[in-house]
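Structure record follows, encoded as structure tokens.
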Amino acid sequence: MSEPHRVKVVAAPPALAIETSGLTKRYRRVTALSECSMVVPEGRICALIGPNGAGKTTLLRMLAGLAAPTAGTASVLGGTPRQDPAFLADIGFLAQEMPLYRRMSAADHIKIGAHLNSRWDGESARARLLGLDIPLGRAVGTLSGGQRAQVALALTLAKKPRVLLLDEPVAALDPLARRHFLGTLTSAVAETDGALTVVLSSHLIADIERVCDYLILLTRSQVQLAGDIEDLLAEHKVLIGPKKDTGALAATHTVVHTTTTARQSTLLVRVGGPLIDPAYEAADISLEELVLGYMGASAAPAYAGLTTVAEG
Amino acid sequence: MTYLTWRQHRQQALVALALLAAFAVLMLITGLQAAAQWHAALAGCSAARACGSLRDIFLGSHAVGFLVVLTLIVPALLGMLLGAPLVAHELETRTTQFAWTQGATRARWLAVRVGWLLLGTAAFAGAVSALVTWWSGPANAQQASGFNPGRFDIMGIAPVGYTVFAVALGITAGTVIRRVVPAIGITVACFIAVRAAVFIGLRQHYQAAVTHVYGLTQSFAPPGAAWQLAAGVVAPGGGRLSVSDGPAIAVNVSSVTVPASCRGLEDAATLSCMQAAGFRQFITYQPAGRYWAFQAIEAGIFVALAAALIAVAFVVLRRRDA
């Protein structure tokens, strides 16, 4: 990343919209999230990535105040998530199932929202849905999945939240509906001019690349990787070279993940200095490679069936 | 929040209102008929000075009478159909995740919905009970049965208490169990159990019952629509034998120790003989004048139980995860 940006960060650390420390949620037998510590700076669109069962939903639900932590603390906009009108007014939460009252129309929901919220922009929700040709008067249960998701998002945005928590919002949508949904989201974020922080859990990396500028990778409740996506991509390289001892390399750089074949190694490294070993060919990394490398699994078909050694 | 409650329940409210209107029309028509019949019979027998058999004439129709008895299940129905799903249905369909992330807290969400639902169902039950009470006027005058179990339970303010309890039970069961169908089952089971327990164990003890002891050859009936709890024979030693149909039957029952000296006589002579030997008869009852006190106590008990249940629902809802 460019130097001026770094200097700016050091001079004025951005305020944190979300901060958790040792956040843990245990159900009777299962631990859904253990000791999760992470931060999301204000104004970011943060992707929360992780394999199924990593605790993404649990984390988002605790941030929204829908679930209480078993241990640890969470702070959203400087306060503990709680059942309190002032806190709830600042939170927009969209559950994965996009639960709405199926027999009521979008217009009904907009009216209900006006009664339930002190801060409510029903007009913008109406305009947004009309712009998408979504019938306002039809029961939402009869709408398509994509339309229902748009209604749910429009309602969440009408609250004018300062933190928007979206749990796998596009997972169930077809590619076009997904694109429309994310389009609505990005334009809404642009309208707020940095006042809105978004946390979006997803496992679709292409979508994340399109809308997110910050990334948190959660595996088995642990934050494996967190930071500005551009910075992270700049800090990591893929090295392809002969199969040999990586000890020298590891002295300067962090080898995150190694894939080896009989003759050559592919290394994912976090760059700690200049890359001087001529034996390796360095290449820029894609977000998908980065995420998969950290997850310790490779999805690329060419790699399938090969031994992988995670050293992260 | 009131708007949301209304929007969610207006259909049910309209159905309930329509049912109530139909029931009211039925009660009004048949009630006026029965009243006219009763007054005509009363006038006729007064003129003929022979009102003894008035008790035996039949008022109204069997079908409507059955429908009136059926109002006994109104509280349980309201608890099942409206109480149990109130929270459980939203938890099942996950709409709580929408409702509880709006600007109003869960506690308020619950308070407003519970408040309106209890108010609405209590008003419904009160209206049904008022209609039944009015409709039963002639029958109550004829049979003096308003205080009797079964009749007491569908008239006055007791049904309102039952309804508030049943609905609160449904709401709390739904909040704790979080699923509609099991919550309905629990609601019905608990409602019946508590109603039975209060009836069997408590109602007759709200005030100390009155016992009247009188001669075997005398006759006595508690004035008005009293609730007769027991009647029978008192032995000279004070031992009581409850025989609901009176001493004439008692002496024929082998379990009553008829003194040897009184055996082998005619029924009337046997009674005189036993009277002389110190036997008496008794009747234990709750006087008719206590009817409204009992109604108030009965309703009060169920409303208090409902309040406790609602408190539980609030605690559970606030503490548990969405």
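Can you tell me which of (1) under 30 Å from the mean Cα position of the chain (by Cα); (2) not in a strand (DSSP E or B) is the one A:Val269 doesn't meet?
Here A:Val269 clears every test but (2).
Of A:Asp245, A:Asp207, which residue is modelled with pLDDT under 90, more than 19 Å from A:Ile18 (Cα to Cα) and not in a helix (DSSP H, G or I)?
A:Asp245
Can you pull out every residue in region A:162-186 that is part of a helix (DSSP H, G or I) and under 23 Å from A:Ala64 (Cα atoms)? First the steps, then the outcome.
Filtering region A:162-186 down to residues part of a helix (DSSP H, G or I) leaves A:175-186.
Listed by number, the residues that qualify are A:Phe181, A:Leu182, A:Thr184, A:Leu185, A:Thr186.
Give the residue, chosen from B:Ala127, B:Ala221, B:Ala193, that is out of contact with any helix residue (DSSP H, G or I) (no Cβ under 8 Å at 6 or more places or on another chain) and closer than 20 Å to B:Ile73 by Cβ.
B:Ala193
Which ones in region A:95-111 are facing chain B (nearest Cβ under 10 Å) and surrounded by fewer than 22 Cβ atoms within 10 Å (Cβ to Cβ)?
Once the filter is applied, which keeps residues that are facing chain B (nearest Cβ under 10 Å) and surrounded by fewer than 22 Cβ atoms within 10 Å (Cβ to Cβ), region A:95-111 yields A:Gln96, A:Glu97, A:Pro99, A:Tyr101, A:Arg102, A:Arg103, A:Met104, A:Asp108, A:Lys111.
Could you tell me whether A:Thr184 is away from chain B (no Cβ under 14 Å), buried (at least 16 other Cβ atoms within 10 Å of the Cβ), among the hydroxyl-bearing types (Ser, Thr, Tyr) and under 16 Å from the mean Cα position of the chain (by Cα)? Steps first, answer last, please.
Details: away from chain B (no Cβ under 14 Å): yes; buried (at least 16 other Cβ atoms within 10 Å of the Cβ): yes; among the hydroxyl-bearing types (Ser, Thr, Tyr): yes; under 16 Å from the mean Cα position of the chain (by Cα): no.
Considered against the rule, which asks whether it is away from chain B (no Cβ under 14 Å), buried (at least 16 other Cβ atoms within 10 Å of the Cβ), among the hydroxyl-bearing types (Ser, Thr, Tyr) and under 16 Å from the mean Cα position of the chain (by Cα), A:Thr184 comes out as no.
Does B:Leu77 satisfy the condition of being away from every other protein chain (no Cβ under 14 Å) and assigned to a helix (DSSP H, G or I)? First the steps, then the outcome.
Numbers: away from every other protein chain (no Cβ under 14 Å): yes; assigned to a helix (DSSP H, G or I): yes.
Yes: the conditions hold for B:Leu77.
B:Pro223 versus (1) surrounded by 13 or more Cβ atoms within 10 Å (Cβ to Cβ); (2) in contact (Cβ under 8 Å) with a residue 40 or more places away in the chain; (3) out of contact with any strand residue (DSSP E or B) (no Cβ under 9 Å at 6 or more places or on another chain): which is the lone unmet condition?
Result: B:Pro223 fails condition (1) only.
Name the residue, out of A:Gly92, A:Gly72, A:Gly50, that is away from chain B (no Cβ under 11 Å), within 25 Å of the chain's Cα centre (by Cα), closer than 23 Å to A:Val170 by Cβ and crowded, with 17+ Cβ neighbours inside 10 Å. Break it down into steps so the answer makes sense when it comes.
Details: A:Gly92 fails: away from chain B (no Cβ under 11 Å); A:Gly72 fails: closer than 23 Å to A:Val170 by Cβ.
After applying the criteria, what remains is A:Gly50.
Which one of these does B:Ile154 not meet: (1) at pLDDT below 90; (2) under 19 Å from B:Gln228 (Cα atoms)?
The single condition B:Ile154 does not satisfy is (1).
Do you know which residues across region B:156-210 are in contact (Cβ under 8 Å) with a residue 40 or more places away in the chain and not in a helix (DSSP H, G or I)?
B:Gly156, B:Ile157, B:Arg178, B:Arg179, B:Tyr206, B:Gln207, B:Ala209, B:Val210, listed by residue number.
Looking at (1) within 14 Å of chain A (Cβ to nearest Cβ); (2) out of contact with any Ser or Thr (no Cβ under 7 Å at 6 or more places or on another chain), which is the one condition that is false for B:Val112?
(2)
Given the criterion over 24 Å from A:Ala86 (Cα atoms), without any contact (Cβ under 8 Å) to a residue 60 or more places away in the chain and in the same structural domain as B:Ala299 (by TED's automatic domain parsing), identify the matching residue among B:Leu78, B:Leu70.
On the way: B:Leu78 fails: without any contact (Cβ under 8 Å) to a residue 60 or more places away in the chain.
Going through B:Leu78, B:Leu70 in turn, just one is over 24 Å from A:Ala86 (Cα atoms), without any contact (Cβ under 8 Å) to a residue 60 or more places away in the chain and in the same structural domain as B:Ala299 (by TED's automatic domain parsing): B:Leu70.
Of everything in region A:26-47, what is within 14 Å of chain B (Cβ to nearest Cβ) and part of a loop (DSSP other than H, G, I, E, B)? Give them in sequence order.
A:Tyr27, A:Arg28, A:Val30 - these are the residues of region A:26-47 that are within 14 Å of chain B (Cβ to nearest Cβ) and part of a loop (DSSP other than H, G, I, E, B).
Within region B:155-185, track down each residue that is within 16 Å of the chain's Cα centre (by Cα) and crowded, with 22+ Cβ neighbours inside 10 Å.
B:Met155, B:Gly156, B:Ala158, B:Pro159, B:Val160, B:Gly161, B:Tyr162, B:Thr163, B:Val164, B:Phe165, B:Ala166, listed by residue number.
Looking at region A:53-69, which of the residues that are buried (at least 21 other Cβ atoms within 10 Å of the Cβ) and part of a helix (DSSP H, G or I) is farthest from the other protein chains (Cβ to nearest Cβ)?
By that ranking, first place goes to A:Lys56.
The values are calculated or read from the model by the stated rules, or taken from the named source; none is laboratory data. Please read these numbers as outputs of a predicted model, since none were measured by experiment. Ideal geometry is used to build each Cβ from the backbone, glycine not excepted, and the neighbour counts take in all protein chains shown.
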